[in-house]
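The values are calculated or read from the model by the stated rules, or taken from the named source; none is laboratory data. A quick note: this is a predicted structure, and the numbers were derived from the prediction, not measured. Note that we place each Cβ from the backbone using ideal geometry, even for glycine, and neighbour counts take in every protein chain shown.
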Amino acid sequence: MREQRVLTQFLQLLLNGAMAGTILAVPAIGLTVIFAVLRFPNFAVASHATIGAFAGYVANVSLGLPVLPAIVVAFLVAGLVGLASDELILKPFRAAGFITTAIGSIALTIALENVVRFMFGNELRGYDLPLMRDWRFAGLRVGPQQVENLAIALAVTAAIFAFLAFTRAGKAMRAVADNPTLAGIKGVNGETIARTVSFVGMGLAGLGGMLLGLDTSIDPLTGFRAILSIFAAAVVGGLGSVPGAVVGALVVGIGEELSLLILSPNYRSAVGFLAILLVLTVRPRGILGQRAY
Amino acid sequence: MGFLNVAGVVAGYTAADEILKGLDFTVAAGEIVCVIGPNGAGKSTLLKAIAGLLTPSRGAITFKDRSLVGVLPRDITRLGVAYVPQEHNVFPSMSVSENLEIGGYVAPARTAERMGQVLARFPVLANKRRHAARTLSGGERQILAMAMALMVEPELLLLDEPSAGLAPAAAERLFEEVRAVNRDKVAIVLVEQNASEALAVAQRAYILVDGRTSRTGQARALAADPDIRRIFLGG
């Protein structure tokens, strides 16, 4: 009987972890595509996740839009802020090297987070979601909203893969990630690709921020709390690799949930650190290496 | 005026750095010109200056009477001058056909048609069109790099040491392909360490020493010259 309960708990955590990991993959892809093209870890993914979560909140709660259109708003607003913040603030840092730019992105994320705090205050806010009973099967529970979030995350990930594999802009982006000088000779405009990647990458961060918030609540620290897991997912899979970000997100998502079997939830974020530490020690290029695609 | 004219070009990797020290160089339409010389003579620098990757501090470069100085590399590609770097000349994580597609990026409307022609010309690439470029052998990779350049139907092809690092048989095949490409009226500038092969393929040759032209003339005559045989051809 006791074994049965432990097994059910294990399966429940595994299920939760797989769902959390699929959602985590969205902002992790954002971080990794920006790294693949612009060659620096953009920690401002944190504040853009928060901005997306709040933009979606305004669309959902203030304007009364359903979740799906609100998610599109989250993507667009975070993407546009990402485009502007990269163009105006981070671009001038890039000539000074990737460490300076990465530190600049930390400063940017703190500034943007405080703009959100100034506008919305510190309290927790929840989305306007219909109340629904959890589904149960074989002793496991799953919320309909969680399943919807999972479906959105899967659809977005599939769309990104299709974009990179089949479109001219997606292939140009991979070419720049592979060899920016050669891509320039062949006619790809690196500036346009940099702008596209800032928009799409930060848009994904914002969409991911809202998906994370749909499950719980949001506040100005929503993105900051998630950034370690997002960064860990990208590093574990191999910074710059899109399939790597998906694999890394699943590893970190499942790892964080399974850690609850032996650790108090307070130590959950240690899993992210541990994953980064392990990967950097054993396989510094990440599980799938640094291939863009 | 000629096809490609380089006159009095001074260029290097920084403003103070002069690798080319007033170089004169011409290419006529449809010919193969090889450039040989010791390491550091400025052979690759010359190609980079023509391709727009370096801006000369002095001198003029014109292609069909149009100045190339200060023009972006991608716009030079559009004008019909295709440059193939010595290294890092393919996109390793992308498939052969995706590499060709990016090769033809400036002319998207013609990509499908050109891809068919290029794959028909290089069956070795057609057989591996779905393979990632990083899985190709050294010789196949050089052929892919040249095929990518041909996707824009260039009038002038700039090849930077295409045979470097290749086994003799692979280098031989590559020079065969260079001749075949030239038969379609594509002019070629061939920078080479492999002087005897390069002189055998080319119609005219330049010997660069220390950023200047040391000798120039018909490739066959230079190949027969005792001094040049001694220095570059090993006897």
When segment B:123-136 is checked residue by residue, the ones that are surrounded by fewer than 16 Cβ atoms within 10 Å (Cβ to Cβ) and within 14 Å of another protein chain (Cβ to nearest Cβ) are B:130, B:134, B:135
Restricted to segment A:244-277, and to residues that are part of a loop (DSSP other than H, G, I, E, B) and not polar (S, T, N, Q), which residue is surrounded by the fewest Cβ atoms within 10 Å (Cβ to Cβ)?
A:262
Does segment B:182-189 include one or more residues that are crowded, with 21+ Cβ neighbours inside 10 Å, β-branched (Val, Ile, Thr), in contact with a Lys or Arg (Cβ under 7 Å, 6 or more places away or on another chain) and not in a helix (DSSP H, G or I)?
no
Tell me, yes or no, whether segment A:192-209 has at least one residue that is within 14 Å of another protein chain (Cβ to nearest Cβ), in a helix (DSSP H, G or I) and surrounded by fewer than 21 Cβ atoms within 10 Å (Cβ to Cβ).
yes
Being part of a helix (DSSP H, G or I), under 25 Å from residue B:52 (Cβ atoms), more than 10 Å from chain A (Cβ to nearest Cβ) and not polar (S, T, N, Q) is the requirement here; does residue B:120 meet it?
no
Of the numbered conditions (1) of a type in the set (A, V, I, L, M); (2) part of a loop (DSSP other than H, G, I, E, B); (3) touching a residue at least 40 places away in the same chain (Cβ under 8 Å); (4) within 14 Å of another protein chain (Cβ to nearest Cβ), residue A:129 fails exactly one; give the number of that condition.
(4)
Tell me whether segment B:10-26 contains one or more residues that are modelled with pLDDT under 95, more than 30 Å from residue A:165 (Cα to Cα), acidic (Asp, Glu) and surrounded by 16 or more Cβ atoms within 10 Å (Cβ to Cβ).
yes
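Per-residue answers, yes or no, for (1) at pLDDT 95 or above; (2) assigned to a helix (DSSP H, G or I); (3) of a type outside the set (Val, Ile, Thr):
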| site | (1), (2), (3) |
| --- | --- |
| B:97 | yes, yes, yes |
| B:109 | no, yes, yes |
| B:112 | no, yes, yes |
| B:142 | no, yes, yes |
| B:163 | no, no, yes |
| B:166 | no, no, yes |
| B:170 | no, yes, yes |
| B:174 | no, yes, yes |
| B:177 | no, yes, yes |
If I filter segment B:57-72 for residues that are closer than 23 Å to residue B:178 by Cβ, within 10 Å of another protein chain (Cβ to nearest Cβ) and without any contact (Cβ under 8 Å) to a residue 60 or more places away in the chain, do I get at least one hit?
no
